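Asks: Dropping a structure here in C-alpha coordinates format, bear with me for questions.
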Number of protein chains: 2
Amino acid sequence: MDDKIYFTYQHIHKLVHKLVQDIISSGFTFDCIVAIGTGGFIPARIFKTYLNKPIFTVGIQYYDENNNPSESPRKIQWIDEVERKLKGKRILLVDEIDDSRTTLVFCLNELLHHEPKQVAIAVIHNKKKIKNADFPHEVVYFCGEYIEDKWVEYPWSALDIDEHDRCAAINEYT
Amino acid sequence: MDDKIYFTYQHIHKLVHKLVQDIISSGFTFDCIVAIGTGGFIPARIFKTYLNKPIFTVGIQYYDENNNPSESPRKIQWIDEVERKLKGKRILLVDEIDDSRTTLVFCLNELLHHEPKQVAIAVIHNKKKIKNADFPHEVVYFCGEYIEDKWVEYPWSALDIDEHDRCAAINEYT
(Lines give C-alpha, C1' and ligand atoms only; values in the text may rest on other atoms or scores of the structure.)
Protein backbone atom coordinates (compact mmCIF):
# COMPACT_ATOMS: atom_id res chain seq x y z
CA MET A 1 0.00 0.00 0.00
CA ASP A 2 1.45 3.35 -0.98
CA ASP A 3 1.41 6.26 1.40
CA LYS A 4 -1.50 8.09 -0.18
CA ILE A 5 -5.08 8.67 0.89
CA TYR A 6 -7.78 7.58 -1.56
CA PHE A 7 -11.34 8.90 -1.46
CA THR A 8 -14.32 7.51 -3.32
CA TYR A 9 -16.94 9.65 -5.01
CA GLN A 10 -19.44 8.35 -2.46
CA HIS A 11 -17.27 9.49 0.44
CA ILE A 12 -16.89 12.98 -1.07
CA HIS A 13 -20.63 13.17 -1.74
CA LYS A 14 -21.38 12.33 1.91
CA LEU A 15 -18.82 14.84 3.18
CA VAL A 16 -20.51 17.57 1.15
CA HIS A 17 -23.83 16.53 2.70
CA LYS A 18 -22.26 16.76 6.17
CA LEU A 19 -20.79 20.18 5.30
CA VAL A 20 -24.22 21.37 4.18
CA GLN A 21 -25.67 20.32 7.53
CA ASP A 22 -22.83 22.14 9.34
CA ILE A 23 -23.47 25.28 7.29
CA ILE A 24 -27.21 25.18 7.97
CA SER A 25 -26.59 24.61 11.70
CA SER A 26 -24.22 27.58 11.80
CA GLY A 27 -26.91 29.93 10.52
CA PHE A 28 -24.68 31.09 7.65
CA THR A 29 -26.73 31.78 4.54
CA PHE A 30 -25.39 32.67 1.14
CA ASP A 31 -26.49 33.95 -2.28
CA CYS A 32 -24.08 32.12 -4.52
CA ILE A 33 -21.30 29.58 -4.70
CA VAL A 34 -17.91 30.47 -6.13
CA ALA A 35 -16.12 27.27 -7.12
CA ILE A 36 -12.35 27.31 -7.43
CA GLY A 37 -11.47 25.34 -10.53
CA THR A 38 -10.71 22.71 -11.19
CA GLY A 39 -10.65 21.06 -7.75
CA GLY A 40 -13.80 22.79 -6.55
CA PHE A 41 -15.97 21.94 -9.56
CA ILE A 42 -17.18 18.56 -8.33
CA PRO A 43 -17.72 19.52 -4.66
CA ALA A 44 -19.52 22.72 -5.76
CA ARG A 45 -21.85 20.81 -8.07
CA ILE A 46 -22.76 18.46 -5.20
CA PHE A 47 -23.32 21.46 -2.90
CA LYS A 48 -25.83 22.77 -5.42
CA THR A 49 -27.90 19.61 -5.01
CA TYR A 50 -28.46 20.39 -1.34
CA LEU A 51 -28.38 24.20 -1.41
CA ASN A 52 -29.66 25.36 -4.75
CA LYS A 53 -27.69 28.53 -5.46
CA PRO A 54 -26.01 29.68 -8.67
CA ILE A 55 -22.41 28.59 -9.13
CA PHE A 56 -19.78 30.96 -10.47
CA THR A 57 -16.40 29.49 -11.20
CA VAL A 58 -12.92 30.88 -11.13
CA GLY A 59 -10.01 29.06 -12.69
CA ILE A 60 -6.79 29.17 -10.72
CA GLN A 61 -3.59 27.39 -11.57
CA TYR A 62 -1.06 27.02 -8.79
CA TYR A 63 0.52 23.65 -9.49
CA ASP A 64 2.24 23.05 -12.82
CA GLU A 65 1.77 19.90 -14.90
CA ASN A 66 4.32 18.07 -12.73
CA ASN A 67 2.30 18.95 -9.62
CA ASN A 68 4.92 21.40 -8.36
CA PRO A 69 3.65 24.71 -6.99
CA SER A 70 4.43 27.69 -9.21
CA GLU A 71 5.65 31.03 -7.88
CA SER A 72 2.13 32.25 -7.27
CA PRO A 73 -1.41 31.24 -8.28
CA ARG A 74 -2.46 32.42 -11.74
CA LYS A 75 -5.95 33.21 -12.96
CA ILE A 76 -7.16 30.98 -15.80
CA GLN A 77 -10.66 32.39 -15.70
CA TRP A 78 -12.27 34.99 -13.53
CA ILE A 79 -15.86 36.15 -13.10
CA ASP A 80 -17.25 38.60 -15.65
CA GLU A 81 -18.56 41.82 -14.31
CA VAL A 82 -17.63 40.75 -10.83
CA GLU A 83 -18.64 43.91 -9.10
CA ARG A 84 -22.22 43.67 -10.22
CA LYS A 85 -22.42 39.98 -9.38
CA LEU A 86 -20.53 39.80 -6.10
CA LYS A 87 -20.80 43.22 -4.47
CA GLY A 88 -22.98 43.03 -1.39
CA LYS A 89 -23.47 39.28 -1.78
CA ARG A 90 -22.89 36.47 0.67
CA ILE A 91 -20.53 34.01 -0.97
CA LEU A 92 -19.68 30.39 -0.26
CA LEU A 93 -16.20 29.82 -1.68
CA VAL A 94 -15.72 26.11 -2.41
CA ASP A 95 -12.58 24.09 -3.03
CA GLU A 96 -11.64 20.47 -2.51
CA ILE A 97 -8.70 20.86 -0.15
CA ASP A 98 -7.04 23.31 2.17
CA ASP A 99 -3.42 22.25 1.69
CA SER A 100 -0.86 25.06 1.91
CA ARG A 101 -3.81 27.51 1.90
CA THR A 102 -2.09 29.59 -0.80
CA THR A 103 -4.77 29.21 -3.48
CA LEU A 104 -7.62 29.76 -1.04
CA VAL A 105 -6.15 32.95 0.39
CA PHE A 106 -5.32 34.21 -3.11
CA CYS A 107 -8.93 33.70 -4.22
CA LEU A 108 -10.33 35.07 -1.03
CA ASN A 109 -8.32 38.30 -1.34
CA GLU A 110 -9.44 38.68 -4.96
CA LEU A 111 -13.06 38.24 -3.93
CA LEU A 112 -12.76 40.67 -1.02
CA HIS A 113 -11.74 43.42 -3.45
CA HIS A 114 -15.25 43.23 -4.82
CA GLU A 115 -16.88 44.04 -1.51
CA PRO A 116 -19.06 41.02 -0.90
CA LYS A 117 -21.24 41.23 2.20
CA GLN A 118 -19.72 38.08 3.66
CA VAL A 119 -17.58 35.16 2.57
CA ALA A 120 -17.45 31.67 3.99
CA ILE A 121 -15.04 29.00 2.86
CA ALA A 122 -16.08 25.37 2.51
CA VAL A 123 -13.49 22.71 1.79
CA ILE A 124 -13.88 18.95 1.74
CA HIS A 125 -10.54 18.35 3.46
CA ASN A 126 -8.14 20.31 5.59
CA LYS A 127 -4.62 18.90 5.81
CA LYS A 128 -3.15 19.03 9.29
CA LYS A 129 -0.03 21.06 8.51
CA ILE A 130 1.46 24.51 8.88
CA LYS A 131 -0.15 26.85 6.32
CA ASN A 132 1.58 29.44 4.15
CA ALA A 133 -1.09 32.06 4.75
CA ASP A 134 -3.96 32.91 7.08
CA PHE A 135 -7.58 33.78 6.49
CA PRO A 136 -8.87 37.15 7.70
CA HIS A 137 -10.63 36.61 11.03
CA GLU A 138 -14.03 37.66 9.66
CA VAL A 139 -14.11 34.75 7.24
CA VAL A 140 -16.22 31.78 8.31
CA TYR A 141 -14.59 28.39 7.71
CA PHE A 142 -16.21 24.99 7.16
CA CYS A 143 -14.30 21.76 6.61
CA GLY A 144 -15.61 18.27 5.89
CA GLU A 145 -12.81 16.47 7.70
CA TYR A 146 -9.23 16.91 8.82
CA ILE A 147 -6.66 14.59 7.26
CA GLU A 148 -2.98 13.75 7.60
CA ASP A 149 -0.45 15.61 5.46
CA LYS A 150 -0.22 12.89 2.79
CA TRP A 151 -0.78 12.90 -0.95
CA VAL A 152 -4.50 12.75 -1.66
CA GLU A 153 -5.98 10.84 -4.56
CA TYR A 154 -9.43 12.16 -5.45
CA PRO A 155 -11.73 9.92 -7.51
CA TRP A 156 -12.01 12.40 -10.39
CA SER A 157 -8.24 12.15 -10.90
CA ALA A 158 -8.29 8.36 -11.25
CA LEU A 159 -7.10 6.89 -14.53
CA ASP A 160 -8.70 3.59 -13.48
CA ILE A 161 -11.68 4.18 -11.22
CA ASP A 162 -12.05 0.49 -10.27
CA GLU A 163 -8.43 0.32 -9.12
CA HIS A 164 -8.90 3.63 -7.30
CA ASP A 165 -11.94 2.28 -5.46
CA ARG A 166 -10.00 -0.87 -4.50
CA CYS A 167 -7.28 1.31 -2.98
CA ALA A 168 -9.91 3.39 -1.17
CA ALA A 169 -11.54 0.22 0.20
CA ILE A 170 -8.41 -0.60 2.21
CA ASN A 171 -8.03 2.98 3.35
CA GLU A 172 -9.05 3.98 6.85
CA TYR A 173 -10.80 7.14 5.64
CA THR A 174 -13.41 5.38 3.52
CA MET B 1 -38.97 0.64 -9.65
CA ASP B 2 -39.69 4.11 -10.97
CA ASP B 3 -39.28 4.90 -14.63
CA LYS B 4 -36.01 6.75 -14.33
CA ILE B 5 -32.45 5.90 -15.30
CA TYR B 6 -29.84 6.05 -12.54
CA PHE B 7 -26.13 6.37 -13.21
CA THR B 8 -23.33 5.89 -10.69
CA TYR B 9 -20.27 8.10 -10.51
CA GLN B 10 -18.22 5.09 -11.56
CA HIS B 11 -20.32 4.59 -14.70
CA ILE B 12 -19.95 8.28 -15.66
CA HIS B 13 -16.22 8.15 -15.01
CA LYS B 14 -15.85 5.14 -17.33
CA LEU B 15 -18.00 6.76 -20.03
CA VAL B 16 -15.73 9.80 -19.99
CA HIS B 17 -12.75 7.46 -20.37
CA LYS B 18 -14.45 5.80 -23.35
CA LEU B 19 -15.23 9.23 -24.86
CA VAL B 20 -11.58 10.22 -24.47
CA GLN B 21 -10.55 7.09 -26.38
CA ASP B 22 -13.12 7.92 -29.10
CA ILE B 23 -11.80 11.47 -29.37
CA ILE B 24 -8.19 10.30 -29.59
CA SER B 25 -9.12 7.70 -32.23
CA SER B 26 -10.92 10.36 -34.28
CA GLY B 27 -7.77 12.46 -34.53
CA PHE B 28 -9.58 15.51 -33.11
CA THR B 29 -7.23 17.56 -30.94
CA PHE B 30 -8.18 20.57 -28.88
CA ASP B 31 -6.68 23.43 -26.90
CA CYS B 32 -9.23 23.83 -24.16
CA ILE B 33 -12.41 22.48 -22.65
CA VAL B 34 -15.49 24.64 -22.28
CA ALA B 35 -17.76 23.11 -19.65
CA ILE B 36 -21.43 24.02 -19.67
CA GLY B 37 -22.46 24.55 -16.07
CA THR B 38 -23.63 23.09 -13.98
CA GLY B 39 -24.20 19.71 -15.72
CA GLY B 40 -20.88 19.75 -17.52
CA PHE B 41 -18.72 20.53 -14.48
CA ILE B 42 -18.21 16.96 -13.32
CA PRO B 43 -17.74 15.36 -16.77
CA ALA B 44 -15.32 18.17 -17.74
CA ARG B 45 -13.24 17.67 -14.60
CA ILE B 46 -12.95 13.96 -15.38
CA PHE B 47 -11.99 14.76 -19.00
CA LYS B 48 -9.14 16.84 -17.64
CA THR B 49 -7.71 13.79 -15.90
CA TYR B 50 -7.24 12.04 -19.24
CA LEU B 51 -6.64 15.04 -21.51
CA ASN B 52 -4.95 17.75 -19.50
CA LYS B 53 -6.28 20.98 -21.00
CA PRO B 54 -7.52 24.13 -19.29
CA ILE B 55 -11.22 24.22 -18.47
CA PHE B 56 -13.28 27.34 -19.04
CA THR B 57 -16.82 27.27 -17.76
CA VAL B 58 -19.99 28.91 -18.89
CA GLY B 59 -23.06 28.99 -16.71
CA ILE B 60 -26.34 28.48 -18.52
CA GLN B 61 -29.76 28.20 -16.97
CA TYR B 62 -32.49 26.70 -19.07
CA TYR B 63 -34.59 24.83 -16.54
CA ASP B 64 -36.15 26.69 -13.65
CA GLU B 65 -36.13 25.46 -10.07
CA ASN B 66 -39.11 23.20 -10.81
CA ASN B 67 -37.21 21.60 -13.69
CA ASN B 68 -39.40 23.22 -16.33
CA PRO B 69 -37.65 24.69 -19.36
CA SER B 70 -37.73 28.48 -19.50
CA GLU B 71 -38.38 30.46 -22.65
CA SER B 72 -34.75 30.38 -23.68
CA PRO B 73 -31.42 29.60 -22.04
CA ARG B 74 -29.94 32.40 -19.96
CA LYS B 75 -26.29 33.10 -19.25
CA ILE B 76 -25.33 32.89 -15.58
CA GLN B 77 -21.65 33.30 -16.30
CA TRP B 78 -19.72 33.69 -19.50
CA ILE B 79 -16.01 33.67 -20.29
CA ASP B 80 -14.03 36.87 -19.66
CA GLU B 81 -12.20 38.29 -22.60
CA VAL B 82 -13.58 35.50 -24.72
CA GLU B 83 -12.15 36.70 -27.98
CA ARG B 84 -8.60 36.54 -26.76
CA LYS B 85 -9.12 33.16 -25.17
CA LEU B 86 -11.22 31.37 -27.77
CA LYS B 87 -10.45 32.98 -31.12
CA GLY B 88 -8.54 30.56 -33.33
CA LYS B 89 -8.72 27.80 -30.72
CA ARG B 90 -9.96 24.24 -30.99
CA ILE B 91 -12.61 23.77 -28.34
CA LEU B 92 -14.13 20.70 -26.75
CA LEU B 93 -17.56 21.75 -25.50
CA VAL B 94 -18.65 19.43 -22.70
CA ASP B 95 -22.06 18.81 -21.17
CA GLU B 96 -23.65 15.87 -19.42
CA ILE B 97 -26.63 15.27 -21.70
CA ASP B 98 -27.97 16.05 -25.14
CA ASP B 99 -31.67 16.18 -24.33
CA SER B 100 -33.71 18.68 -26.35
CA ARG B 101 -30.37 20.04 -27.68
CA THR B 102 -31.51 23.61 -26.91
CA THR B 103 -28.77 24.46 -24.40
CA LEU B 104 -26.02 22.88 -26.49
CA VAL B 105 -27.00 24.73 -29.66
CA PHE B 106 -27.36 27.99 -27.71
CA CYS B 107 -23.83 27.62 -26.29
CA LEU B 108 -22.42 26.49 -29.58
CA ASN B 109 -23.78 29.53 -31.40
CA GLU B 110 -22.39 31.82 -28.72
CA LEU B 111 -18.98 30.20 -29.03
CA LEU B 112 -19.00 30.36 -32.82
CA HIS B 113 -19.36 34.17 -32.64
CA HIS B 114 -15.86 34.23 -31.21
CA GLU B 115 -14.33 32.52 -34.24
CA PRO B 116 -12.78 29.42 -32.76
CA LYS B 117 -10.81 27.30 -35.19
CA GLN B 118 -12.96 24.25 -34.53
CA VAL B 119 -15.51 23.05 -32.02
CA ALA B 120 -16.36 19.50 -31.04
CA ILE B 121 -19.12 18.55 -28.67
CA ALA B 122 -18.74 15.78 -26.11
CA VAL B 123 -21.72 14.64 -24.07
CA ILE B 124 -22.00 11.71 -21.71
CA HIS B 125 -25.50 10.80 -22.91
CA ASN B 126 -27.64 11.44 -25.92
CA LYS B 127 -31.36 10.88 -25.46
CA LYS B 128 -33.00 9.11 -28.38
CA LYS B 129 -35.65 11.73 -29.19
CA ILE B 130 -36.51 14.44 -31.67
CA LYS B 131 -34.35 17.49 -30.99
CA ASN B 132 -35.44 21.15 -30.95
CA ALA B 133 -32.38 22.30 -32.87
CA ASP B 134 -29.56 21.03 -35.07
CA PHE B 135 -25.82 21.40 -34.91
CA PRO B 136 -24.02 23.03 -37.83
CA HIS B 137 -22.59 20.26 -40.02
CA GLU B 138 -18.97 21.29 -39.37
CA VAL B 139 -19.27 20.50 -35.67
CA VAL B 140 -17.81 17.17 -34.57
CA TYR B 141 -19.98 15.21 -32.15
CA PHE B 142 -18.99 12.63 -29.55
CA CYS B 143 -21.40 10.83 -27.26
CA GLY B 144 -20.68 8.32 -24.48
CA GLU B 145 -23.89 6.35 -24.96
CA TYR B 146 -27.39 6.65 -26.33
CA ILE B 147 -30.22 6.27 -23.84
CA GLU B 148 -34.01 6.10 -23.83
CA ASP B 149 -36.02 9.28 -23.43
CA LYS B 150 -36.57 8.88 -19.68
CA TRP B 151 -35.79 11.07 -16.71
CA VAL B 152 -32.12 10.70 -15.82
CA GLU B 153 -30.82 10.72 -12.27
CA TYR B 154 -27.15 11.66 -12.16
CA PRO B 155 -25.18 10.77 -9.03
CA TRP B 156 -24.27 14.39 -8.25
CA SER B 157 -27.98 15.19 -7.93
CA ALA B 158 -28.59 12.48 -5.35
CA LEU B 159 -29.84 13.57 -1.93
CA ASP B 160 -28.91 10.10 -0.65
CA ILE B 161 -26.01 8.63 -2.59
CA ASP B 162 -26.38 5.14 -1.07
CA GLU B 163 -30.05 4.96 -2.10
CA HIS B 164 -29.11 6.31 -5.53
CA ASP B 165 -26.48 3.59 -5.96
CA ARG B 166 -29.00 0.93 -4.92
CA CYS B 167 -31.40 2.18 -7.62
CA ALA B 168 -28.56 2.19 -10.16
CA ALA B 169 -27.61 -1.37 -9.20
CA ILE B 170 -30.97 -2.66 -10.45
CA ASN B 171 -30.78 -0.55 -13.58
CA GLU B 172 -29.83 -2.07 -16.90
CA TYR B 173 -27.43 0.75 -17.75
CA THR B 174 -25.06 0.23 -14.83
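The values are calculated or read from the model by the stated rules, or taken from the named source; none is laboratory data. Keep in mind that this is a model prediction, so the values were computed, not measured. Counting neighbours? That spans all protein chains shown, and the Cβs are built from the backbone with ideal geometry, glycine included. These area figures cover heavy atoms from the full protein model, side chains too; ligands, DNA and RNA do not enter into them. Shrake-Rupley method; radii C 1.70, N 1.55, O 1.52, S 1.80 Å.
Asks: Can you give the accessible area of residue A:18 in Å² (nearest 10), computed on protein heavy atoms with a 1.4 Å probe?
Replies: The accessible area of residue A:18 comes to roughly 80 Å².
Asks: For B:6, A:146, give the ranking by accessible area with the largest first, probe 1.4 Å.
Replies: The most accessible residue leads, giving A:146, B:6.
Asks: Can you list the distances in nanometres, one decimal and ascending, from the residue A:3 label point to the identical position in each other copy, with the point 7 Å along Cα to Cβ?
Replies: In nanometres, ordered from closest: 5.7.
Asks: How large is the accessible surface of residue A:100 in square angstrom, using a 1.4 angstrom probe and rounding to the nearest 10?
Replies: 20 Å²
Asks: Rounded to the nearest 10 degrees, what's the angle between the helix A:41-50 long axis and the longest principal axis of chain A, both from Cα atoms, 0 to 90?
Replies: So the helix axis and the longest Cα principal axis differ by about 70 degrees.
Asks: If you restrict to DSSP beta bridges whose two residues both lie in the stretch B:4-169, what percentage is antiparallel, to the nearest 5?
Replies: 15 percent
Asks: Taking just the C-alpha trace of the protein assembly as shown, give me its Rg and Dmax in Å.
Replies: 19.4, 56
Asks: As a test question: what accessible area, to the nearest 10 Å², does residue A:159 have when a 1.4 Å probe is rolled over all protein chains in place?
Replies: Residue A:159 has an accessible surface of roughly 110 Å² with all protein chains in place.
Asks: Share of the stretch A:4-169's accessible area from carbon and sulfur, percent, 1.4 Å?
Replies: That fraction is 46 percent.
Asks: Radius of gyration and Dmax for the stretch B:106-174's Cα atoms, expressed in Å?
Replies: 16.0, 46
Asks: Here's another thing I want to ask about it. Over the Cα atoms of chain B, what Rg and Dmax result, in angstrom?
Replies: Looking at chain B, its Cα Rg and Dmax stand at 15.9, 50 Å.
Asks: Expressed as an acute angle from 0 to 90° and rounded to the nearest 10, what is the orientation of the C-alpha long axis of helix B:102-112 relative to the principal long axis of chain B?
Replies: With both axes taken from Cα atoms, the answer is about 20 degrees.
Asks: Something else about it: Report, to the nearest 10°, how far helix A:9-26 tilts away from the longest principal axis of the Cα atoms in chain A, using its own Cα long axis and a range of 0 to 90°.
Replies: Once rounded, one gets 40 degrees.
Asks: At the nearest 100 Å², what buried accessible area, both sides summed, do you get for B and A when the probe is 1.4 Å?
Replies: 3100 Å²
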